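What follows is one structure encoded as structure tokens, with my remarks underneath.
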Amino acid sequence: MTHWFWEFLFSLDILIRLGLSVRIIMRRRPVGVSLAWLTIVFMLPLAGAFVYLMFGELRLGRRHAAWAAQVRRPVEQWLHGLRTRKTVDWTAQGLECEPLAKLTEASLGVPALPGNHLQLLPDTEGAFRALLADIDAARRSCQMVFYIWYQGGVADEVGEALLRAAARGVTCRVLVDAVGSRPFLRGPWVRKLREGGVQVVAALPAGLLRAAFVRYDLRMHRKIAVIDGEIAYTGSLNIVDPRYFKQKAGVGQWVDAMVRIRGPAVEGLLGTFLADWVLESSEGIETLSHTSDFHPLAECGPSVVQVAASGPLDGNDAILRSLLMAIYSARRELILTTPYFVPDESLVAALVSAAQRGVGVTLIVPGKVDSRLVRLASQAFQGDLLAAGVRVALFHGGLLHTKSITVDGKFSLFGSLNLDPRSLYLNFEITLVVYDRGFTNDLRQLQQSYLAHCELMDQGQLQSRSRLQRLAENTARLAGPLL
């Protein structure tokens, strides 16, 4: 009996491996991702199949699919209206910007919108003070989605401001990621907010039972706040006070930036929030339409802005295509900041190509990050970039969390998107593509201020690493497509 049992188990394992291999190949994912999963399935008997079924496919569940279908029609109607009432004079912005805007619209749906006023908020304290003032001045609505809300310090001030707003009749909606904000959702602040009239909803709930139907690691990584449907914030900052958050991680305080926006682009950010809210809450579109504060906004500034909301519902590489085109369009200078740098082959090729054609490419990353595996994988790519002439700068003023790209001082990308597979393929992210030299210059100055606290890497530092260190880095690099 034992003999037959083991034969059966062996045969079952072979069939599962072959079946999953065919499925992985037919899914036509990026080559690196497919090869990584094939390796796991073949190297780990049965366990590899289990890991793939848990994390290998983009499963959001039937409920999300049904709600997404319900949201699609009003979103398409809104997008049609945007295209008919907003046009951009690309001769004034720079003709080199138009192809990127067309590609991003084709991939993610939202056109570039003129007439916006942007204010870069280069530090956490200034960003929170501006947000608190706008919440206290709110007359109709405060609606926000964040990956992390962590109680303590200025985060509690945001909660108090929302309670004051709700007490004077303002509609307050808060959407936070169920995993990123787990301590907050289990703490006293959620009950306090809900009892005070603030609606709080957890996005993408996770659990053992749900894991069988919904992929656990698809996360709501966006950071958006919209006040009265007229003022919006986005960037890299979560609702956390850096003096309290992850102080035992040994990486220092997190360093973030946000942007305050007025004008038509606010419609794109509010529309993104509302679509997420409908998917995660029990409020239907009809009910929401009376209290959403969603309305057309007049032009009020010089900036052309494209709101690029990306996620697993939008196709595997929609935001990556825009990112690659932005890099390939660089002619003089390209500066990138990201906390987590685990690029795929296409992104490495784009950066190497830019450096080799004479573009001054600077990559600014934290000297220390809160994930050892990510740090090892990131270091494995640095040698290729340095050899091509890319400047790699290690920031030592804390965990640099700002996600930004400036191209030739002409246009920029700014938001929640990291340069890693999780942000590019799995997470729900928000990115502003800003076709404006004034804002891009402000952002470039912020990047330069980061450089003042950086150590520039050189080939000697890489070559001095032990063979064991290089083996660990290159092993982590193989796992890069899955991080």
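Given points 7 Å out from each Cα along the Cα-Cβ axis, report the residue 123 to residue 39 separation in nanometres with one decimal.
4.4 nm
Quick one: compute the contact order of the range 364-483, relative version, from alpha carbon pairs under 8 angstrom and 6+ residues apart, as a percent. Spell out each step's value before the answer.
Numbers: 154 pairs, mean separation 44.1, N = 120.
Result for the range 364-483 is 37 percent.
[x] 82, 61, 49; [y] 73, 58, 46; [z] 88, 58, 42: which one is Cα extents along the principal axes in Å as calculated from this entry?
Correct label, based on the coordinates given: [y].
When only alpha-carbon atoms count, how far does the range 341-483 stretch along each of its three principal axes, as whole angstroms with the largest first?
The Cα atoms of the range 341-483 stretch 47, 33, 31 Å along the principal axes, largest first.
Putting +1 on Lys and Arg Cβ atoms and -1 on Asp and Glu Cβ atoms, find which of 3, 468, 340 reaches farthest to the positive end of the dipole of the chain.
3
Per the Kirkwood definition applied to all pairs of different Cα atoms, how many angstroms is the hydrodynamic radius of the range 283-383?
Hydrodynamic radius (Kirkwood, Cα only) of the range 283-383 equals 17.1 Å.
I'd like the FRET efficiency for residue 25 and residue 5, computed as 1/(1 + (r/R0)^6) with the beta carbon distance as r and R0 of 45 Å, rounded to 0.05.
About 0.90, to the nearest 0.05.
Tell me, what ³J(HN,Hα) does each residue in the range 220-236 have, in order and in whole Hz, if you take phi through Karplus 6.51 cos²θ - 1.76 cosθ + 1.60 with θ = phi - 60° and put x for Gly and Pro?
8, 9, 6, 10, 9, 9, 10, 10, 6, x, 10, 10, 9, 10, 7, x, 9
I'd like the trypsin sites (Lys or Arg not before Pro) in the range 166-272 restricted to DSSP loop residues with at most 14 other Cβ atoms within 10 Å, sorted by number.
168, 186, 243
From the P(r) of the range 95-214, could you give the percentage of C-alpha pairs in the tail past 25 Å?
More than 25 Å apart: 42 percent of the Cα pairs in the range 95-214.
Please report, in debye to the nearest 20, how large the charge dipole of the range 388-451 is about its Cα centre when each Lys and Arg carries +1 at its beta carbon and each Asp and Glu carries -1 there.
That gives a dipole near 120 debye.
Checking the a/c ratio against 1.5 first, then a/b against b/c, what shape does the Cα gyration tensor give for the range 231-336?
oblate
When only C-alpha pairs under 8 Å and at least 6 residues apart count, what is the relative contact order of the range 227-271, in percent?
So the answer I get is 57 percent.
Along the positive direction of the dipole of the chain (beta-carbon charges: Lys, Arg +1; Asp, Glu -1; about the Cα centre), which of 170, 405, 383 reaches farthest?
The one lying farthest along the dipole's positive direction is 383.
At a probe size of 1.4 Å, how large is the accessible area of residue 26, to the nearest 10 Å²?
Counting only protein heavy atoms, residue 26 exposes about 140 Å² to solvent.
My understanding is that a pair violates if its Cα-Cα distance is over 22 Å; which of 248/368; 102/410; 246/403; 102/223; 223/248; 223/246 do that in this structure?
Values: 248/368 13 Å; 102/410 17 Å; 246/403 19 Å; 102/223 25 Å; 223/248 24 Å; 223/246 19 Å.
Where the Cα-Cα span goes over 22 Å, the pairs concerned are 102/223; 223/248.
Using only Cα atoms, locate the centre of the range 335-395 and the centre of the range 256-303, then give the distance between them in Å, rounded to an integer.
Between the Cα centres of the range 335-395 and the range 256-303 lies a distance of 34 Å.
At 0.36 nm per residue, and after removing the present C-alpha to C-alpha distance, how many nm does the segment from residue 83 to residue 468 gain when stretched out fully?
Residue separation times 0.36 nm, minus the Cα-Cα distance, leaves 133.0 nm.
Could you please report the charge total around residue 147, scoring K, R as +1 and D, E as -1 over all other residues with beta-carbon less than 15 angstrom from its beta-carbon?
-1
Ordering 410, 403 by accessible area with a probe of 1.4 Å, largest first, what comes out?
The ranking, largest first, comes out as 410, 403.
Of all the C-alpha pairs in the range 165-297, what % are more than 17 Å from each other?
Cα-Cα pairs of the range 165-297 separated by over 17 Å account for 67 percent.
Go ahead and estimate [θ] at 222 nm for the chain from helices alone: -39,500 (n - 2.57) per DSSP H run with n ≥ 4, summed, over the residue count, rounded to 500. Don't skip to the end; give the middle numbers.
On the way: 19 runs with 224 residues, N = 483.
That calculation yields -14500 deg cm²/dmol at 222 nm.
Given a 1.4 Å probe and the protein chains all in place, what does the accessible area of residue 11 round to, in Å² to the nearest 10?
60 Å²
Charges only on Cβ, +1 for Lys and Arg, -1 for Asp and Glu: so what's the dipole of the range 292-348 about the Cα centre, in debye to the nearest 20?
Dipole about the Cα centre, nearest 20: 240 debye.
If you average the sequence gap of Cα pairs under 8 Å that are 6 or more apart and divide by the length of the range 242-349, what percent do you get for the contact order?
It rounds to 23 percent for the range 242-349.
Where the accessible area of the chain is counted over protein heavy atoms with a 1.4 Å probe, how much of it, in %, is carbon and sulfur?
59 percent
What share of the DSSP beta bridges in the range 338-425 is antiparallel, in percent to the nearest 5?
Restricted to the range 338-425, the bridges split so that about 45 percent are antiparallel.
Length gain on complete extension for the stretch residue 247 to residue 167, per 0.36 nm per residue less the alpha carbon to alpha carbon distance?
So the chain would gain 25.4 nm between residue 247 and residue 167.
The values are calculated or read from the model by the stated rules, or taken from the named source; none is laboratory data. This structure is a prediction, so every number in the text was calculated from the model and none was measured. Virtual Cβ from ideal backbone geometry, glycine too; neighbours counted across all protein chains shown. The accessibility values were calculated without ligands, DNA or RNA, using every heavy atom of the protein model including side chains. Shrake-Rupley method; radii C 1.70, N 1.55, O 1.52, S 1.80 Å.
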